[in-house]
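Have a look at the structure below, then the notes.
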Amino acid sequence: MVVDNAFAKTICSICYEDLKPIVEDLQSISICGHVFHELWSWFEYCSNGKKKNCPVCKQTCSEANVARLYFQSVGDQNDLSASQSTHGYFEDPKELQREVKRLERKAVGLNSVVENQQKELNAVNEELCNCKKQLKLEVMLKNNALEEKAVVQQLLHLKSEELNTLTSERVRLQERNMALAKELAALKLVSDLNLEEEDVLKLASLGKEGNNHKETIDILRKSLVIRNKSYKELMAKCNALGRGEARSLSKLGKANEKLKKLKTRVQELETVVEVKENKDLRAFKASKDDKETSALAKKCKYGGRA
Ligand SMILES: [Zn+2]
Ligand SMILES: [Zn+2]
């Protein structure tokens, strides 16, 4: 490339300022060779939704493709920078024109940068708007979840109260069950006549923790007293029944005697009746014989006359 224009300048396409190779740190993209002051802010701008690329030729690249440039110089750097600086000296109208054109290009570039940034600002605003909407939605969801949580907690509270009630009811029923079992055991101790020693101990110590002998003995004593009492009552009943039986037996004896007497009397009467009947029969027979004899005699008397 032949540079025949002494005023041709190298500029950075990012900031549109002159590139000063000796006095500035410069960076280049190794893929395309384009040079800039620095690329980090451009990459940062790109990373906002775009692929990283070269600001000039738009080739895709990354931080790994950026290389620092070093220039060797001869002579005074101040002179060089002075010669590169053109601010303030535009004696040649052509040079002035070129400078104007350069500045115009720079303005156009800056405008496009501003436009891009405006677009980006709009996009950011839109995103912010979306974020706000999302936030609103999430706050609503959070509130809903909190309400639900409160409801669930209340429900949990109710359920645990119910559980407590049921537990106390269960304890009460267990106690009642045990009391009934003890009562039943006491009743059995008093009434069951076929209990072995082992059964007696088991029944008397029902529901007593460990070796609570005093209570067991109390129960045994009480049931013994009750048993004695009922034994006494039974004996009294037995005696009363015995007396009743004796009375009944004597009554039976008397009735038997009476019956015997009556039988004897009946026999006597029967004998009397028989004797009387025989007598009557004999008398009847005798009278009949007499009648027959007299009739025969009469017959004979009248027959003799005839
Ligand atoms: Zn620059
Ligand atoms: Zn490039």
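Each residue in the stretch 32-55 was checked for being within 56 Å of the chain's Cα centre (by Cα) and either charged (D, E, K, R) or not assigned by TED's automatic domain parsing to the domain that holds Lys20 (or both), and 3 pass.
The set of residues in the stretch 23-52 that are in a loop (DSSP other than H, G, I, E, B) and either within 14 Å of ligand 1 (Cβ to nearest atom) or touching a residue at least 60 places away in the same chain (Cβ under 8 Å) (or both) comprises Val23, Glu24, Asp25, His34, His37, Glu38, Leu39, Asn48, Gly49.
Going residue by residue through the stretch 99-118, is there one that turns out to be outside any helix (DSSP H, G or I), of a type outside the set (Lys, Arg) and at pLDDT 80 or above? So that I can check it myself, show each step before the final result.
Start the filter on the stretch 99-118 by keeping residues that are outside any helix (DSSP H, G or I), which leaves none.
Looking through the stretch 99-118, none of the residues is outside any helix (DSSP H, G or I), of a type outside the set (Lys, Arg) and at pLDDT 80 or above.
Being aromatic (Phe, Trp, Tyr), within 30 Å of Lys188 (Cβ to Cβ) and surrounded by 10 or more Cβ atoms within 10 Å (Cβ to Cβ), is that true of even one residue in the stretch 220-231? Yes, the stretch 220-231 has at least one match.
Please work out if Ser13 is within 16 Å of ligand 2 (Cβ to nearest atom), in contact with a Pro (Cβ under 6 Å, 6 or more places away or on another chain) and not β-branched (Val, Ile, Thr). Full working, then the answer.
Details: within 16 Å of ligand 2 (Cβ to nearest atom): yes; in contact with a Pro (Cβ under 6 Å, 6 or more places away or on another chain): yes; not β-branched (Val, Ile, Thr): yes.
When the stated conditions are applied, Ser13 passes them.
Restricting attention to the stretch 33-55 and to residues that are within 15 Å of ligand 2 (Cβ to nearest atom) and surrounded by fewer than 15 Cβ atoms within 10 Å (Cβ to Cβ), the residue that is nearest to Arg98 (Cα to Cα) turns out to be Gly33.
For the stretch 56-65, filtering for residues that are part of a loop (DSSP other than H, G, I, E, B) and either among the small types (Gly, Ala, Ser) or surrounded by 12 or more Cβ atoms within 10 Å (Cβ to Cβ) (or both) leaves 5.
The values are calculated or read from the model by the stated rules, or taken from the named source; none is laboratory data. Keep in mind the model is a prediction, meaning the values are calculated, not measured. Every residue, glycine among them, receives a Cβ derived from its backbone with ideal geometry; neighbour counts consider all protein chains shown.
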